[in-house]
Amino acid sequence: MLEPSSGGSNPPNTSALLTIVGYHYVRSIASSRFPAIKALDIVDFRRQLMFFRRHYHFVSLEDVVAAAEHGRSLPDRPLLLTFDDGYIDHYVHAWPALREFGISGAFYPTSDAVLGHRILDVNKIHFILASMDDHRVLVSAIEDAIRERGAEFGVLSIEEYHRRHWVSNRFDPPTVLYCKQMLQHGLPEVFRRQLASDLFHRFVTPDETSFAADLYMSVEQLQEMHSSGMHIGGHGGTHRWLDRLTVDEQRDEIKASVHLLKTVGMSENDYLTFCYPYGGYNATTVELLGEYGFRAGLTVQVALARIGHDPLLELPRLDTNDLPADPAAPPGQWTLDATGWTGIDSPLPKPDTPSLR
């Protein structure tokens, strides 16, 4: 299963409406060095688990694949918890809570972070933003760099970048989303990666190695979690937008995930799954994942997943912020919708703006 395979199909279960919830940072915000990081406090995480226990039935990633591929039944209101990026938060805080509640979660580390001990650009951007009170300072730093060095990289005008990227979404105001998109994909790759490192050294720390050791899980920790029944999946090599890469670059990202999963101890009997960095993927990505035996893929499309209707490699997810972190809260619309689907002819859950974390 860890090498390219031809795949296959089986009769699907066409009656289950699945809630998949995505998490990133889960930590004690009060004691954090970066309290401004967009994190879910561990107290609220535990309270949210209590809300879920009242209104849902927890399932594993293996349960979901078995339902989709072999028609096995899922319980009423099934719910799957997923954790992106391989943060030490997941080992220290999330995993103990899951064990306490008897839940099997799915964790998606990135190869470069775990094996290369390198800080991902996405995380450099998070901590740069979290290190300042006024994000206009970062806007100015980015645009000063464009004026000073942009000509050698063939950048566009600042006015054009504003037209393209000065927007907001349900998580971020324009100042923040502009900085994220400029450093994630807006600027030419070599320039933006150099700039992200320069800004990280300036505003956060010049010691990337020590920072990475404190931020991400180790191979040994992932092995321990996997041995306890947690699912470990792929999240690429460098956390790049796969739909912006060439075929060969996408293949390299997927192969990096395969290598990490082998290192963690995935066997031929394990289901391979993938979580798309930033939610970016295309038909080439899906085809390549199939070649390497990946059975399911997680997107950032905001919706409930319809087992037997949604492609298994393109499952939508909710964000933790879409659901209450209060065990006494009444069920909201997403929870009420979780038992409202009767088949593929029923109305689809309402789409929303994807997260660009």
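The values are calculated or read from the model by the stated rules, or taken from the named source; none is laboratory data. Note that this is a predicted model, so its numbers are computed, not measured. With ideal geometry, Cβ positions are generated from the backbone for all residues, glycine too; neighbour counts draw on all protein chains shown. Quick note on the areas: whole protein, heavy atoms, side chains included, nothing else; ligands and nucleic acids left out. Shrake-Rupley method; radii C 1.70, N 1.55, O 1.52, S 1.80 Å.
Of note:
- Residue-count net charge about Glu287 - beta-carbon cut-off 13 Å; Lys, Arg +1, Asp, Glu -1: -2
- Accessible area in square angstrom per residue, segment 164-276, 1.4 angstrom probe: 40 Å²
- Note that segment 52-60 has calculated 3J(HN,Hα) couplings of 4, 4, 6, 10, 9, 10, 5, 10, 9 Hz, one per residue in order, obtained from phi through the Karplus relation 6.51 cos²θ - 1.76 cosθ + 1.60 (θ = phi - 60°); glycine and proline are x.
- Placing dummy labels 7 Å off each Cα toward the beta-carbon, the span from Asp44 to Lys255 is 4.2 nm.
- Taking amide H positions as modeled 1.01 Å from N, with prolines and chain starts lacking one, the residues under 5 Å from Phe107 and 5 or more places away or on another chain are Phe83, His231, Ile232, Gly233.
- Whole-angstrom gap from segment 121-151 to segment 50-83, using each part's C-alpha centre: 41 Å
- Karplus-derived 3J(HN,Hα), 6.51/-1.76/1.60, for each residue of segment 79-93, Hz, glycine and proline x: 9, 10, 9, 10, 9, 9, 5, x, 6, 4, 3, 5, 6, 7, 10
- Less than 5 angstrom separates the built amide H of Leu18 from those of Ala305, Arg306, Ile307, all sequence-distant by 5 or more or on a different chain.
- Remark on Gly297: its backbone amide H falls under 5 Å from those of Phe274, Leu313, Glu314, Leu315, a criterion applied only to residues 5 or more positions apart or on other chains, H modelled at 1.01 Å from N.
- Per-residue [θ]222 nm for the chain (sum of -39500 (n - 2.57) over DSSP H runs n ≥ 4, rounded to 500): -11500 deg cm²/dmol
- Ordering of 194-200, 283-289, 32-38 by packing is 194-200, 283-289, 32-38, highest average first (other Cβ atoms within 10 Å, averaged per residue).
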